[in-house]
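Heads up, the thing below is written out as structure tokens.
The values are calculated or read from the model by the stated rules, or taken from the named source; none is laboratory data. Owing to the predicted nature of the structure, the values given are computational and were not obtained by experimental measurement. Glycine gets a Cβ as well: all are built from the backbone with ideal geometry, and neighbour counts include every protein chain shown.
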Amino acid sequence: MNDIQQNTATRMTKSIDSLKHELSKIRTGRAHPSLLEQINVSYYGTDTALSKVANIAVEDARTLTVTPWEKNMVQTIEKAIMKSDLGLNPSTNGMVIRVPLPLLTEERRRSLVKIVKHEAENGRVAIRNIRRDANTEISKKLKEKLISEDDARAGEDKVQKLTDQYIKEIEKLLEAKEADLLSI
């Protein structure tokens, strides 16, 4: 039973970490290098992550700088940033590409909140699927007479408590990100 609970807790923690990573990609008013992480550029014919061909840094609260490692990549990176769905307009100054972040409009903030809520719901579904897997495993052990009915019931209760705990954590993450997006 302890193995099932540890495995369940580990998988749920990984789901929370994945949700945190997804939420960090959604931009608020502040500049953060992870904003450009999902952008791919053509590097000698191969799609490569921007972070693999350039250094991404925060110049100030509203500006990112991208410094390519090769001079011939400046134009390619600039085009990739413009083509992305982030609505950014980079400007080049020699080897440095500056990416100013425009203020978020109220409409854009609302649409980002919807995206955040969708990501949180995906996280909840993942947690529930892990709970289902754990309960299925407990049921199998019960059918094979490896555990008693009382142990099975206690195990399912513990799995439910874990599920509730991780769902609450998702709610906290959602509230924090929502407040961050809606603050001006």
For this session: Among the residues of segment 98-157, write down those that are part of a loop (DSSP other than H, G, I, E, B), surrounded by 13 or more Cβ atoms within 10 Å (Cβ to Cβ) and of a type in the set (Val, Ile, Thr).
Result: 147
For this session: Identify, by number, the condition in (1) in contact (Cβ under 8 Å) with a residue 24 or more places away in the chain; (2) within 19 Å of the chain's Cα centre (by Cα); (3) part of a helix (DSSP H, G or I) that residue 86 doesn't meet.
Result: (3)
Exercise. Across segment 116-131, what is the total count of residues that are out of contact with any helix residue (DSSP H, G or I) (no Cβ under 7 Å at 6 or more places or on another chain) and of a type in the set (A, V, I, L, M)?
Worked result: 1
For this session: Please indicate, with yes or no, whether at least one residue in segment 47-57 is outside the structural domain of residue 111 (by TED's automatic domain parsing), surrounded by 15 or more Cβ atoms within 10 Å (Cβ to Cβ) and in contact with a Phe, Trp or Tyr (Cβ under 9 Å, 6 or more places away or on another chain).
Result: yes
